[in-house]
Amino acid sequence: MRTLRSQIHWMIALIAGFGLVAAAVTGAQKTVLPEPVTARDTHELSSVFRNVASKALPCTVTIETRQKSREIAQDVPDPLEDFFGGDPRFREFFRRQGPRRMPEREGMGSGFIVDPSGIIVTNNHVVADADEIMVRLHDGREFRGEEVKRDERTDIAILKINTGEHLPALRFGNSDETRVGDWVVAIGNPFGNELTVTSGIISAKGRGPGITEREDFLQTDAAINPGNSGGPLLNLDGDVIGVNTAISSRSGGFDGIGFAVPGRMAWWVAKQLIEKGEVERAYIGISIQPIDAALAEQFGLKVGEGAIITQVLENSPGSTAKLQDGDVVLSLAGKAVNGPRSLQGIVEQLEVDKQYPVELLRDGKRVTVSIILKPMPQDYSLANVSRKRGEREKAQPDDAVTVDSFGFQVRDLTPEIAEQLDISADAGVVVSSVDDDGAAARALRVGDVIEKVGNRRVTTVEEFNTAVKESDPGKGLLLLVRSSGATRFVVIQPQR
């Protein structure tokens, strides 16, 4: 039993100990706490924005376009005819009135000088179909825009003005190094208010809102409005990291989300337009899809790691290299692939007729094959090479086989059904019914063709059943499905 004196000494020691700990913690906190923001700091930040604006404004231009009035072809739908429901009587009435003319149209956008000789970068949609282009410089002088070169896939275009003097020009920075949260400055002509400067941050990267065929947009909350298209998005060094292209808006104006073509992509396109007059892209000839959580578990990968091949087009570099649907592309030319847009970006900027290594995950093993890339045909698009889908087979025949735990039925793909679906008769098995409340309800539709179960290709119901029985039910059922002319992988989890 402690004496009163010993208890007092023990309490004093304990309190002293807590004091030392508290002092240590307080000291540690003092070393990491930021200094209070002062008026001087805010003035310094303001000076950064001022410097960017003073550097970029003389290089930013206003672009005004004019499309002349022209006669409307008789076979082109007219809004008035649509208003009357396409009634043939009204169409004949309009025809009797003689040729109709589309009124003159005017537009406005932005651009920026990238070469002292007067080469300007803007958006394709700013100058497309324009009969006349007028470029107004920061000092008010106006020049006619000439030598227009366009790339519809990325919505990037260039044009030239001849001033007889060297002009101030902006340079492109490395947009790959841009990080979410970085400050940015946008310059353009919103609603016709010339050369307006706004600021914000990079709010996301790698966006694909479905605006253009080739997308890897930077997203920003710097105010972008109609008229800003084609203007520069700059970092705080005054370098171009993007070309302002579109907004996401319900009001028609700025709602806090704008998109810019990354500077890396824009400059790669612009250089080719300057040097060649067109963009030469390499291609593999495959359709791909991202690795989501369900597919990542199936393949033993991380979400977003690689891109899975769902279709290899005939007579393409991919078919020559023996790529297979179900292969996961992990890297190309030594560059890691992190999804479809990542792979597209790598492929298109590699040299044609040159051999590159492709790292694949095939049947659970990592393999490396070589591929020689070829020039992408000008009219190349997955939509152009996909097979047209016929009518769906709605019958539920007696020989259909039910996959009870997943809620759907399949049957052999007969030549008659294959002809309706415009596919080969040995392409797989066809889905003949889907339980509306079953596990497959969101993944499959009647008329879908299942080409693979896991890594095994199936051409008959018997092969399908064997593959299903040998699959791991705990991981779900991995299927390669052809639907609407395209293929995709789906994972169906059994109902518990």
Is it the case that Gly326 is buried (at least 20 other Cβ atoms within 10 Å of the Cβ) and in a helix (DSSP H, G or I)? no
Output the qualifying pairs, or none if there are none: Cβ atoms under 9 angstrom, residues six or more apart or on different chains, first residue in region 280-295 and at pLDDT 90 or above, second residue among the aromatic types (Phe, Trp, Tyr) and part of a helix (DSSP H, G or I). Ile291/Phe299
Only residues that are free of Cβ contacts under 8 Å to residues at least 40 places away in the same chain and crowded, with 22+ Cβ neighbours inside 10 Å: list them for region 296-311, please. Ala307, Ile309
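Which is under 23 Å from Asp129 (Cα atoms) and not in a loop (DSSP other than H, G, I, E, B), of Ala260, Ala186? First the steps, then the outcome.
Numbers: Ala186 fails: under 23 Å from Asp129 (Cα atoms).
Being under 23 Å from Asp129 (Cα atoms) and not in a loop (DSSP other than H, G, I, E, B) holds for just one of Ala260, Ala186, which is Ala260.
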Which of the residues belonging to region 362-373 are surrounded by 15 or more Cβ atoms within 10 Å (Cβ to Cβ) and modelled with pLDDT under 95? Arg362, Leu373
State whether the residues of region 419-427 include one that is buried (at least 20 other Cβ atoms within 10 Å of the Cβ), at pLDDT 75 or above and among the β-branched types (Val, Ile, Thr). no
Pairs only if they're at least six apart or on different chains, beta carbon under 9 angstrom, first in region 459-482 and touching a residue at least 24 places away in the same chain (Cβ under 8 Å), second assigned to a helix (DSSP H, G or I) and exposed (fewer than 15 other Cβ atoms within 10 Å of the Cβ); list them, first residue then second. none
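The values are calculated or read from the model by the stated rules, or taken from the named source; none is laboratory data. Treat the numbers as computed from the prediction; the structure is a model and nothing was measured. Every residue, glycine among them, receives a Cβ derived from its backbone with ideal geometry; neighbour counts consider all protein chains shown.
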